[in-house]
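See structure below.
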Amino acid sequence: MIEQDTIKLLRECDAGIKMGVDSIDDVLDYVQNNTFRQCLTECKEKHIKLKEEIQSLLEKYHDEGKDPNPMAKSMSWIKTNIKLVMNESDGTIADLITDGCNMGVKSLNKYLNQYQAADEKSKDITKRLIYLEEKLVADIRQCL
């Protein structure tokens, strides 16, 4: 049970990180404020480091990870592009990123509760990912 919950939790973190990195990539070229751009870039780099850690653990379990839900990814891309066409501003981007982070935090907490038998290392990674998401929201509030 521990191994199954661990793999499932790591897979959800993997999918969430992929979604987050893709979302940052989708908006980064539109960001005008250098501080905001730097904040997003640093967060993306931290996500990638966590992803590498997750991949290493998943390899031990002979698992390839998980891609984000294609429907969720498509809906995010559509929402991003529609909002940016209507208002290409840092405030719009901060709003989109905040919504994405909040959804990620909600999902990750749900998975922490759902996969309670997961090992402590995978729970720690999940908590660090939640912290990254919450910190990004706090850091970009001035851009809303």
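For segment 1-79, the carbon plus sulfur part of the accessible surface works out to 51%, probe radius 1.4 Å.
What the Cβ-Cβ distance of Lys60 and Asp29 gives, at R0 = 41 Å and to the nearest 0.05, is a FRET efficiency of 0.65. The Rg/Rh ratio of segment 1-41, with both radii computed over alpha carbons and Rh defined as the Kirkwood radius, is 1.27.
Note on segment 26-72: Cα Rg divided by 2.2 N^0.38 Å, N the number of residues, gives 1.53. If you line up the long axis of helix 90-114 against the longest principal axis of the chain, both from Cα atoms, how many degrees apart are they, to the nearest 10? It works out to around 10 degrees.
Which angle between 0 and 90 degrees, to the nearest 10, do you get for helix 34-60 versus the longest principal axis of the chain when only C-alpha atoms count? Orientation of helix 34-60: about 20 degrees from the principal axis.
Distances between placed amide hydrogens fall under 5 Å for Asp119 paired with Thr6, all partners being 5 or more residues away or on another chain.
Cross-link reach is defined here as a Cα-Cα straight distance under 12 Å, omitting same-chain residues fewer than 8 places apart; for Lys49 the aspartates and glutamates meeting it are Asp14. Each listed q (0.12, 0.17, 0.22 Å⁻¹) maps to a log10 I(q)/I(0) for the chain, found by the Debye formula over equal Cα scatterers with no solvent: -0.48, -0.90, -1.34.
Decide, for segment 19-98, between rounded, prolate and oblate: order the square roots of the alpha carbon gyration tensor eigenvalues as a ≥ b ≥ c, take rounded if a/c falls under 1.5, and otherwise choose prolate if a/b is larger than b/c, else oblate. Taking the square roots of the gyration eigenvalues as a ≥ b ≥ c, segment 19-98 is oblate. Between Asn69 and Tyr131, full extension at 0.36 nm per residue minus the direct alpha carbon distance yields a gain of 20.1 nm.
May I ask you to derive the relative contact order of segment 9-99, considering only C-alpha pairs under 8 Å and at least 6 residues apart, and to give it as an integer percent? For segment 9-99, the relative contact order is 45 percent. For the peptides 66-72, 98-104, the ranking by mean Cβ contacts within 10 Å, running from highest to lowest, is 98-104, 66-72. Computed over the alpha carbons of segment 61-105, Rg followed by Dmax gives 13.5, 45 Å. Backbone phi angles across segment 66-79, fed through the Karplus curve with coefficients 6.51, -1.76 and 1.60 (θ = phi - 60°), yield HN-Hα couplings of 8, 8, x, 4, x, 5, 5, 5, 5, 5, 5, 4, 5, 4 Hz in residue order; Gly and Pro are listed as x.
Taking the average, over residues, of other Cβ atoms within 10 Å as the packing measure, peptides 6-13, 41-48 rank 6-13, 41-48 from highest down.
The values are calculated or read from the model by the stated rules, or taken from the named source; none is laboratory data. Every value quoted in this text rests on a predicted model; they were computed, and no experiment measured them. Cβ coordinates were reconstructed from backbone atoms using ideal geometry, including for glycine residues, and neighbour counts include every protein chain displayed. Please note that ligands, DNA and RNA were not included when accessible areas were found on the heavy atoms of the full protein model with its side chains. Shrake-Rupley method; radii C 1.70, N 1.55, O 1.52, S 1.80 Å.
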